[in-house]
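See structure below.
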Amino acid sequence: MIVKVTKEAAERMASTDKPIRINGELVGGCGMNVEFALWWDTEGPEDEAYQVDSLTFVIDRETIAYIGSELLTIDYRAQQGFRMVTPQQILAYGLQLKERWS
């Protein structure tokens, strides 16, 4: 998989030595949806790591399956926050980069 970060998103993601986790989780009852989140984290043994300039992203295999594309773009728009987009669809918008448990 290729992870791209737009200039606008990179400007909002302060350079840090902590990796940024891209996480997808199944939520809901009868109508299951995937809810995505971005947070600072550490790399686990089962994670895939992607280096984009000075940023490191970590993604577990289950989330990669939820993304369902070979290309993921992380963008930022003032009205929508961070967005995760594939060539096929917008996966999530309104995301904030934060500490995991905040």
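The values are calculated or read from the model by the stated rules, or taken from the named source; none is laboratory data. Please read these numbers as outputs of a predicted model, since none were measured by experiment. Using ideal geometry, Cβ is built from the backbone for each residue, glycine included, and neighbour counts are taken over all protein chains shown. For the accessible areas, the whole protein counts, side chains as well, though only heavy atoms, and no ligand, DNA or RNA atoms are used. Shrake-Rupley method; radii C 1.70, N 1.55, O 1.52, S 1.80 Å.
Per residue, how much accessible surface does the chain expose to a 1.4 Å probe? Answer in Å², no decimals.
Computed with neighbouring chains in place, this is 62 Å² per residue.
Provide the net charge surrounding Glu35, with neighbours chosen by a C-beta distance below 15 Å and charges set as Lys +1, Arg +1, Asp -1, Glu -1.
Surrounding charge for Glu35 is +1.
What's the extension gain from Arg77 to Tyr93 if we count 0.36 nm per residue and subtract their Cα-Cα distance?
Taking Arg77 through Tyr93 to full extension adds about 4.9 nm, to one decimal.
Starting from the eigenvalues of the Cα gyration tensor, five times each then square-rooted, give me the equivalent ellipsoid semi-axes of segment 26-86, largest first, whole Å.
20, 18, 11
What 222 nm value per residue comes from the helices of the chain, counting each DSSP H run with n ≥ 4 as -39,500 (n - 2.57) and dividing by all residues, nearest 500 deg cm²/dmol?
-3000 deg cm²/dmol
Take the solvent-accessible surface of the protein heavy atoms, probe 1.4 Å, and return the percent of it on the chain that carbon and sulfur atoms account for.
48
Along the Cα→Cβ direction, 7 angstrom out, place labels at Glu70 and Glu43. What is the inter-label distance in nm?
2.3
Compare Val58, Val27, Val85 in a GNM of the chain, Cα atoms joined below 10 Å, and give the one with the largest fluctuation.
The residue with the greatest mean-square fluctuation here is Val27.
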